[in-house]
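Each remark here refers to the structure printed beneath this line.
Any read-out appearing in this document is the output of simple, stated calculations on the displayed coordinates, not a laboratory observation. Because the structure is a prediction, the values reported are computed rather than measured.
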Amino acid sequence: MVIKRIGPLSCAKIVGLLYVIVGLVVGAFFSLAALAGGLAANESGSAGMGAIIGVGAIVAFPILYGCLGFVGTLIGAWLYNLAAGAVGGIEMDLQ
């Protein structure tokens, strides 16, 4: 079996969704760290700022990761198709 072509858009949609999930997990950890840092500070109002940064991370990280994963995979699949056209693709032995 030889993979000669990958559908760039379908591949990019799947990887983009996976990166949104990864971004949500990373954003959640970043949110917890920002909140803990805000609560640990001795200044007034720093806990609120930590909470704002934390919520921003939960929103921003999935969007950023999803967009970058989508665009990166779209370009990667397109480049794969160019290379596979030149050298014949990837040969796989499946059972």
Difference of contour (0.36 nm per residue) and Cα-Cα distance, ILE14 to MET92: 25.9 nm
Long-range HN-HN contacts of ILE90 with modeled amide H, under 5 Å: ILE3
Gain upon complete extension [ALA60, ALA84; 0.36 nm per residue less C-alpha separation]: 5.1 nm
HN-Hα J in Hz across segment 82-94 - Karplus 6.51, -1.76, 1.60, θ = phi - 60°, x for Gly and Pro: 5, 5, 5, x, 7, 10, x, x, 9, 8, 10, 10, 10
Per-residue ³J(HN,Hα) for segment 2-9, Karplus 6.51 cos²θ - 1.76 cosθ + 1.60, θ = phi - 60°, Hz, x for Gly and Pro: 10, 7, 9, 8, 10, x, x, 5
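Suppose the chain between ALA33 and MET1 were pulled fully straight at 0.36 nm per residue; how much longer would it get relative to their current alpha carbon spacing? Present the calculation step by step, with values, prior to reporting the outcome.
Values: separation 32, 0.36 × 32 = 11.52 nm, distance 4.73 nm.
Contour length minus the Cα-Cα distance gives 6.8 nm.
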